[in-house]
Structure formats: structure tokens, C-alpha cells
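Trainee: For reference, the structure I am asking about is given below.
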Amino acid sequence: SSGINAEYGLERKDVSFDLIKIECKTGGKLEDSQLVKGVIIDKTMSHSQMPKQLEDVKMAILTCAFEPPKPKTKHNLNVGSVEDYNKLHAYEQEKFVEMIKKIKDSGANLAICQWGFDDEANHLCLQNELPAVRWVGGPEIELIAIATGGRIVPRFSELTPEKLGYAGKVREIEFGTTKDRMLVIEDCKNTRAVTLFLRGSNSMIVQEAKRSIWDAMCVIRNLVRDNRIVYGGGSNEISCAVAVSAAADKVPSIEQYAMRAFADALESVPMALAENSGFAPFATLAEVKSRQIKENNPRLGIDCMDNGENDMKEQHVIETLIGKKQQIMLATQLVRMILKIDDVRSPGEEE
């Protein structure tokens with residue numbers, strides 16, 4: 001919920017997941033997971049001797065190749081002598097120094113590159129005191145640009161001070177016995193960008209935690225869109241089934257049979273809950289349904305945890321109204337689609 005709160009706009013009544021990134025890393029305990037107000041990328045500085053922590057960072061976000069220009073057409077370059085090789089080497093160095101100078105002249109003190117560069121360019125970056133990060137993926141580049149307020153630069157000629165991103169701090173973090181390292185970009189210009197950093201002993205636990213976190217975020221987003229709730233445990237399905245059955249008795253046409261079938265279908269949810277909890281499904285459903293009508297209490301549902309309390313308000317079991325409406329509407333539309341087919345046959349049915 002902290003990640004949702006960071007991005008939550010009261011006036012919009014919605015949440016954009018573009019600014020919430022979930023980063024996973026095996027190793028450590030699930031309790032070591034943390035919320036970082038910034039961006040985490042699974043990269044390190046391109047050279048081991050570059051500084052591990054930078055303050056007041058202005059970064060150039062580059063998607064252009066950090067290499068000397070090449071002809072647009074197919075070509076072959078033949079080096080026939082030592083002099084030719086030395087000229088080529090001097091030309092490459094000259095171009096690399098020009099590129100580094102353009103970055104530094106723009107005011108940047110960190111280069112984020114989508115593409116890689118060779119060891120010679122890496123060494124020149126170190127010599128010219130320009131920290132750099134290479135091989136940063138496309139989605140990460142976009143998130144860094146959004147978080148830091150920078151612009152993605154496709155050509156060196158277009159690099160200007162106005163297109164630089166800003167971050168208060170960029171640092172490398174090191175963890176685990178294998179000395180894994182990642183890059184953290186904090187105190188960004190866009191303060192709503194956050195990263196959920198999940199840890200776990202193996203990939204299965206980490207991926208399961210990621211799925212659970214994503215489901216929880218979707219539930220919170222639904223509450224932001226519409227904060228109305230219903231009580232769970234099958235209580236709302238039972239009360240809806242009772243209401244639909246009562247309404248069916250007042251319909252004089254043959255449609256009352258379809259309404260009763262709809263009510264029976266609603267009862268399949270609490271029946272499945274009872275069966276999965278180890279109770280007798282028919283007896284449990286009949287008892288709860290009878291109590292709902294007698295006590296006029298629509299909050300009574302299936303006591304899945306066997307706490308001796310059927311009131312879902314007391315057990316704090318809730319569901320979002322918007323999610324429940326979507327479930328029922330989707331199931332209804334699916335049934336209507338199937339009923340439009342003339343001959344509905346089950347797999348394995350006898351000819």
C-alpha cells in the first residue's frame with residue numbers, strides 16, 4: 001500500500017502502475033524485501049574503479065550507440081599496415097573523447113546507456129571522470145526517464161542540458177554471500193516513482209511473492225477507483241441468491257426459471273468454499289442461508305478458518321465491490337455467449 005500511496009492521485013481516482021516497479025533478487029529472506037523510493041536496476045557501474053555513490057546526479061539517458069560512426073551501406077575495412085591500424089585507433093579514440101566531451105559539456109555527471117561500449121571507451125570514461133552504466137534494458141530506460149524527469153536521447157547531437165534527468169543520489173548496493181550488486185537511483189525528480197525490491201531463498205519463492213504483491217496492488221487500485229466493499233466468505237453470494245429467488249417468485253412469466261437458475265449458480269461459490277474447507281457443502285450452505293433469512297443478517301458466510309464465527313464483519317473478511325461486480329458480469333456474459341450456440345455438447349458425451 002505504500003507503493004500505491006506514493007503514486008495515488010486523489011483527484012484522478014486511479015493508480016498508474018507505470019511508476020511502480022517490482023524488482024526480484026534471489027538470496028536472503030522474504031523479510032529482507034523493502035520499498036525503495038526510487039528506481040532499482042540490476043546493473044553496476046561499467047568500471048570497477050568508478051565511484052560507488054554519487055550525489056546531486058545529472059544523468060544523460062542515451063539510446064544511441066557509444067561507438068564511432070559507421071557507413072550506412074555495407075562496407076569492408078582493410079587494414080594493410082601498422083600505420084593504417086594506428087590511424088584507425090587514433091580515429092576511434094578521437095571519436096570516443098568527442099562523445100565523452102559532449103556528455104560532460106551538457107552538465108551530466110552520469111551516463112546511462114542502453115547499448116554497450118568496449119573496454120577502451122570504458123577506460124576513457126574512467127580517465128575523464130565520467131561514471132557510466134551500460135546495457136540498461138528498454139523498460140528500465142523508460143522508467144529512469146520518467147522518474148528523473150529526463151528525456152531519452154537517441155543521438156549525441158541532440159544532447160542538451162534540458163534533457164538531463166536528476167536524482168539526489170545514485171549508489172551501488174551489495175548483498176548476499178556472492179557479492180551481488182545493483183544500482184539504486186533515489187531522491188528522483190518525480191517522487192511518485194517507487195520500486196518494490198523482493199528477496200527470497202529461491203526463485204520460486206520470489207516469483208510467488210511477486211505474483212502475490214501484484215494481486216494485492218490490483219485490489220488496492222480497485223479500492224482507489226471505488227472504495228465500496230462487500231463482505232466475503234460467500235456471504236454476498238448467498239444474500240444475492242436469496243434476493244434473486246425472492247424476486248423470481250414475483251415474475252409471472254417463464255423467466256422466473258432462469259432467475260432461479262441464476263440464484264442456484266450464485267450459491268455455487270459458498271458451496272465450493274465450504275467443500276474446500278472440509279465441511280459438508282450442502283448442509284453448511286443450508287445452515288448459513290437459513291440463518292441469513294432468520295436473523296436478517298447478510299454478513300453471514302462460510303467460516304473457512306473454523307473460528308466459530310460466521311459473521312464476516314467480525315472476521316474482517318472483505319472484497320471490493322467493483323471486483324465482485326466484474327466477476328459476476330463476466331460469468332454472466334460467458335453463459336450468454338454459450339447459450340447463443342444451438343447445440344451445446346459436453347466433451348465425451350455419447351453420440
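The values are calculated or read from the model by the stated rules, or taken from the named source; none is laboratory data. In this text the structure is predicted, and so the values were computed from the model without any measurement. Ideal geometry is used to build each Cβ from the backbone, glycine not excepted, and the neighbour counts take in all protein chains shown. All accessible areas refer to the heavy atoms of the entire protein, side chains included, with ligands and DNA or RNA removed. Shrake-Rupley method; radii C 1.70, N 1.55, O 1.52, S 1.80 Å.
Trainee: With only alpha-carbon atoms in the gyration tensor, what are the semi-axes of the equivalent ellipsoid for the stretch 50-94, in Å, largest first? If you can, show how the numbers build up before the last one.
Mentor: On the way: eigenvalues 225, 55, 9 Å².
Equivalent-ellipsoid dimensions as semi-axes: 34, 17, 7 Å.
Trainee: Also: Beyond 24 Å between alpha-carbons counts as too far, so tell me which of Lys95/Lys169; Lys58/Lys102; Lys13/Lys169 fall in that bin. Display every interim value, and only then the final one.
Mentor: Numbers: Lys95/Lys169 30 Å; Lys58/Lys102 14 Å; Lys13/Lys169 31 Å.
Violating the 24 Å Cα-Cα cut-off are Lys95/Lys169; Lys13/Lys169.
Trainee: Give the Rg (one decimal place) followed by the Dmax (whole number) of the stretch 172-248, computed from C-alpha coordinates and expressed in Å.
Mentor: Cα only, the stretch 172-248: 21.3, 67 Å (Rg, Dmax).
Trainee: Could I ask something else about it? Can you give the Rg to Rh ratio for the stretch 9-108, taking only C-alpha atoms and Rh from Kirkwood?
Mentor: Details: Rg = 21.9 Å, Rh = 19.3 Å.
With Rh from the inverse mean 1/r over Cα pairs, Rg/Rh is 1.14.
Trainee: Please list 3J(HN,Hα) in residue order for the stretch 271-276, calculated via the Karplus relation 6.51 cos²θ - 1.76 cosθ + 1.60 where θ = phi - 60°; whole Hz, with x for glycine and proline.
Mentor: Going residue by residue, I get 5, 5, 4, 5, 5, 5 Hz, with x marking Gly and Pro.
Trainee: Report the Stokes-Einstein translational diffusion coefficient (µm² s⁻¹, integer) for the stretch 150-288, Rh taken as the Kirkwood radius over Cα pairs, at 37 °C with viscosity 0.692 mPa s. Walk me through the intermediate numbers first.
Mentor: On the way: Rh = 21.4 Å.
So the translational diffusion coefficient is about 154 µm²/s.
Trainee: Quick one: Karplus J couplings for the stretch 279-287, per residue in order, coefficients 6.51, -1.76, 1.60, θ = phi - 60°, nearest Hz, x for Gly and Pro?
Mentor: Listing the rounded values in order: 9, 6, x, 5, 5, 5, 4, 4, 5 Hz.
Trainee: With equal scatterers on the alpha carbons only and no solvent term, can you work out the Debye log10 of I(q)/I(0) for the stretch 59-139 at 0.19, 0.21 1/Å?
Mentor: Here the Debye-derived log intensity ratios amount to -0.87, -1.00.
Trainee: Hey, another quick one. Could you pull out every residue, at least 5 positions away or on a different chain, whose amide H is within less than 5 Å of the one on Leu110? Hs are placed 1.01 Å off N in the peptide plane, and Pro or chain starts have none.
Mentor: Lys58, Ala60
Trainee: In Å³ and rounded to a whole number, note down the convex hull volume per residue for the Cα atoms of the stretch 79-232. Can you show the working numbers first?
Mentor: Values: hull volume 29.0 nm³, N = 154.
In the stretch 79-232, the Cα hull volume divided by residue count equals 188 Å³.
Trainee: Working from the alpha-carbon coordinates of the stretch 216-321, get Rg over Rh, Rh being the Kirkwood radius. Present the calculation step by step, with values, prior to reporting the outcome.
Mentor: On the way: Rg = 14.8 Å, Rh = 14.6 Å.
On the Cα set of the stretch 216-321, Rg over Rh gives 1.02.
Trainee: Taking the highest mean first, how do the peptides 168-174, 300-306, 91-97, 232-238 order by number of other beta carbon atoms within 10 angstrom per residue? Please list the in-between numbers first.
Mentor: Numbers: 168-174: 16.4, 300-306: 20.0, 91-97: 14.9, 232-238: 25.1.
Going by the mean number of other Cβ atoms within 10 Å, highest first, we get 232-238, 300-306, 168-174, 91-97.
Trainee: Which of the peptides 269-276, 292-299 is most tightly packed, and how do the rest follow, judged by the mean count of other Cβ atoms within 10 Å per residue? Working shown, then result.
Mentor: Details: 269-276: 18.8, 292-299: 14.2.
Ranking the peptides 269-276, 292-299 by packing returns 269-276, 292-299.
Trainee: Quick one: give the max-minus-min coordinate of the C-alpha atoms of the chain along each principal axis, largest first, in Å.
Mentor: The Cα atoms of the chain stretch 98, 50, 42 Å along the principal axes, largest first.
Trainee: Could you report the accessible area of His89 in Å², rounded to 10, computed with a 1.4 Å probe on the protein chains as they sit in the structure?
Mentor: Approximately 70 Å² of His89 is accessible to the 1.4 Å probe.
Trainee: Shifting gears a bit: Using alpha carbons only, how many angstrom separate the centre of the stretch 30-46 from the centre of the stretch 260-287?
Mentor: 45 Å
Trainee: Something else now. 222 nm [θ] for the chain, helices only, -39500 (n - 2.57) per DSSP H run of 4+, per residue, to 500? Numbers along the way, then the final one.
Mentor: Working: 11 runs with 146 residues, N = 351.
Rounded to the nearest 500, it is -13000 deg cm²/dmol.
Trainee: Another question, then. Two-decimal Rg/Rh of the stretch 116-206 from alpha-carbon positions, Kirkwood Rh?
Mentor: When Rh is taken as the Kirkwood radius, the ratio is 1.01.
Trainee: Among bridges DSSP assigns within the stretch 55-197, what percent are antiparallel (round to 5)? Present the calculation step by step, with values, prior to reporting the outcome.
Mentor: Details: 12 of 20 bridges.
So the antiparallel bridges in the stretch 55-197 amount to around 60 percent.
Trainee: In addition: Please report the projected area of the stretch 271-322's Cα convex hull averaged over all directions, in nm². Please list the in-between numbers first.
Mentor: Values: hull surface 15.7 nm².
Computed as one quarter of the Cα hull surface, the answer is 3.9 nm².
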